[in-house]
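Novice: This structure is in structure tokens; I'll ask about it shortly.
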Amino acid sequence: MTQREFSQFVTKYEKLVFTICYQFVKDYHEAQNLSQETFLSAYRHIDTYQGDNYKPWIARIATNKAKDYLNSAYSRRVMLASSEEDSVETLASVKQIDSSQQPDEMYISKEGSGTIEQMIRSLKEPYREVCILKFIEEKDTQEIADLLGRPKKTVETQLYRARSILQKQIKEVYHDETK
Amino acid sequence: MKQNSTSSDIRAGSSQPELFTADGHLTDLAFKLLIDEQLDSLQSLEVSEHLSFCDRCLERYTEILCSDAPVDLDTGQELPEVVHLMEPPASLHDSVMQTIQNKTRVFYFKKAASVAVAASLTFVFWSGGILSDKNFSKRVNNLLDGLYTSSQSILEQTSEISDSINDFFHSIQNSFHQPRHTPPSK
């Protein structure tokens, strides 16, 4: 595709791309940056695109750019919050379901495994299915990705976030029991 | 813009809106909240993650955004006056094309610089008498012919020129390791 053709391509899809980016990040300046990154990425790969419908293709690139931005922003905030919590946290039991802990370890180390299973089953999507498959049916990440039709990396991040959710729930249960 | 703390982000959330159906796809409510910019940061991340791999939901999302007659997702009624697509900043198109042009310029400048360096070295060796060696001169002539041919097609096949330059330098390097031709003594 020549630069002139690509210029027309940008004109045609700039509203769609900017709207997608803005609806996810809700920041005008950041949406502009992500839109630019989207089109630069599209320019690099447009000659290898096999399909004939550019709309979903460019929409997916924009969504991915927004996802990467939100993911890194979320990770930064979680890391910051974790370090603050760790500095005042004294309850050893909360560590029983640490986010980095393997499910087997987590499962064995908790006496009330029935409670955890109940918590897992009451999770909402998109965490419920991945957690059931991982922690209860003990499938590996690749199997879960194949079964659910999700990228392996997405399954991994969903599991990581689900562990955080469960960790928080256990903490609440522990606090309730000790009162 | 709404700011949400991390602690509120991490939730099991029975009181949270249903963004996903039981089979893992986005609900109409999820699309509505996304378009109305009502999702918090974690919900936005979850929805974007899903759209990054789900063709069905991405198609639905782009349909809603690009529809000439958008439908109210609550009532199912057409809202012809509603325009979902936002007007981007006027500079977006220009900045994208400017960046592309700059990158293209840098790419061709680097290639042209490689050719210029090769030509300069050739000239220096030639004028310095190093090329008086007949065998060496023959090899360099061949290389220069190859270099000239390659430079004709630089815009289409820039990789060819790199090979010629590599060969050229390789030959020069080899020539320094070979014994110089000495004239027979009278």
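Novice: Given A:K124/A:K153; A:K15/B:K32; A:K65/A:K168; A:K12/A:K65, which pairs have Cα atoms separated by over 27 Å?
Specialist: Details: A:K124/A:K153 19 Å; A:K15/B:K32 19 Å; A:K65/A:K168 29 Å; A:K12/A:K65 19 Å.
Going by Cα-Cα distance, A:K65/A:K168 fall outside the 27 Å limit.
Novice: Follow-up question, since we're still on this one. Can you tell me the convex hull volume per residue for the stretch A:23-85, based on C-alpha atoms, in Å³ to the nearest whole number? Spell out each step's value before the answer.
Specialist: Numbers: hull volume 6.2 nm³, N = 63.
Convex hull volume per residue, Cα atoms: 98 Å³.
Novice: Got a sec? Which residues of the stretch A:30-75 lose 40 Å² or more of accessible surface with every protein chain in place, vs. that chain alone, 1.4 Å probe?
Specialist: Correct list: A:Q32, A:Q36, A:L40, A:K55, A:R60, A:T63, A:K67, A:L70, A:Y74.
Novice: While we're here: List the accessible area buried at the contact between A and B, summed over both sides and calculated with a 1.4 Å probe, in Å² to the nearest 100.
Specialist: The buried area between A and B, both sides summed, comes to about 5000 Å².
Novice: Another question, if that's okay. Rounded to the nearest whole Å², what accessible area per residue is found for the stretch A:3-85 with the 1.4 Å probe?
Specialist: Working: 4160 Å² over 83 residues.
On a per-residue basis, 50 Å².
The values are calculated or read from the model by the stated rules, or taken from the named source; none is laboratory data. Predicted model only: the values in this text are computed from it and were never measured. Calculation scope for accessible area: heavy atoms of the full protein, side chains included, ligands and nucleic acids excluded. Shrake-Rupley method; radii C 1.70, N 1.55, O 1.52, S 1.80 Å.
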